[in-house]
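In what follows, a single structure is set out as structure tokens and then discussed.
Just so you know, all these numbers are worked out from the coordinates, no wet-lab data involved. A quick note: this is a predicted structure, and the numbers were derived from the prediction, not measured. Positions of Cβ are generated from backbone atoms using ideal geometry, with glycine treated the same way; all protein chains shown enter the neighbour counts.
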Amino acid sequence: MNMFGTIVLYSIVVIAALLLLGWIFGERGPFLRKSTRALFKEQGLKNILNFTAIHSYIYMRWQNGYYKASRWLILRVNAGVRKKIAGAYHGKVVTHDQARAVITLNTSIPLRDLEQVIPYATARDLLLTGPPDVAVTECRCRAALEKHCEPTQVCMVIGKPFTDFFLEHNPDVTRRLSQAEALDLLKQTHESGLIHTAWFKDVMLNRFYGICNCCKCCCGGTAAMLKLGIPLLASSGYVCRVDESKCEACGICEQACHFNAITVDKIAKVSWEKCMGCGVCEVKCPNAAMSLVRDEKKGLPFDVRMMA
């Protein structure tokens, strides 16, 4: 078969796969729902032909099943494969102020070379237009566990076509948020001791697509990093500093830390290597003894205010 015939055959297979998705899984409209068509349109012909767009569809459409399958697989592969996984799917810890800045952004910021701002090669095409379209959906990490923390609706989807896709395909566990509601959710999760993480994935149009509000009990990203050594999370670019004159060695910060970075004896001590700069200890400390300080050795922050 010549090259032209191969391309035609390949195209027929891909189109047939899309039609099959629509028939099996109840897509509406001319074969596919409106949000699905928007997703595939933005993915482009290349990503449709190489099945990246279908991977994106499966990832968003059945997140609970996708997460369970990924967790099963990741326990059975070697360190080299785990590193490749981290290169395609990764998150960055963000402080509360950084997370708020994403939601309150009022300027269109096209970013051409994000490696100077965000240390992720796959985040180059990030485009923030604010205020962004925001929805909140069920945390797949929590939902995948028989015993999990509450509430489960703590994962924020940022920007189209992602928000429309989740709202149309998973309406039972997804709702649109106003800017005020999104800020309120960030405040609630921050004060309850959850960490904010910004996420990027190659099949999600190679860009930033969401803010998760994670607990150390259920978070798959934290577990992958601490238990399996998979570098899914990068530091916020900050590190915690202890004001020894205010510290009363109560131990609250040690218990609250997601990354086992704090030990308390006569005073709280922070492990520079383990601290990810999330700020949970800062908000939980009753004596205001903990604070975040910028540290260039920890990497560059994901701060949209710096990108303007």
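Quick grid of which residues meet (1) within 16 Å of the chain's Cα centre (by Cα); (2) closer than 17 Å to TYR66 by Cβ:
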residue	(1), (2)
ALA135	yes, no
ARG142	yes, yes
VAL157	yes, yes
LYS160	yes, no
ASP164	no, no
HIS169	no, yes
SER178	no, no
LEU183	no, no
With respect to the numbered conditions (1) more than 22 Å from TYR67 (Cα to Cα); (2) in contact (Cβ under 8 Å) with a residue 60 or more places away in the chain, which one is the sole condition not fulfilled by LEU232?
(1)
Name the residues in region 64-85 that are touching a strand residue (DSSP E or B) at 6+ places or on another chain (Cβ under 9 Å) and of a type in the set (Gly, Ala, Ser), would you?
SER70
Is region 174-185 home to any residue that is within 30 Å of ILE54 (Cα to Cα), touching a helix residue (DSSP H, G or I) at 6+ places or on another chain (Cβ under 8 Å) and part of a loop (DSSP other than H, G, I, E, B)?
yes
I'm checking my understanding of the structure. Among residues of region 246-302 that are farther than 21 Å from THR197 by Cβ and in contact (Cβ under 8 Å) with a residue 40 or more places away in the chain, which one is surrounded by the most Cβ atoms within 10 Å (Cβ to Cβ)?
ALA289
Scanning region 43-62 for residues that are in a loop (DSSP other than H, G, I, E, B) and free of Cβ contacts under 8 Å to residues at least 24 places away in the same chain, the one nearest to PRO161 (Cα to Cα) turns out to be TRP62
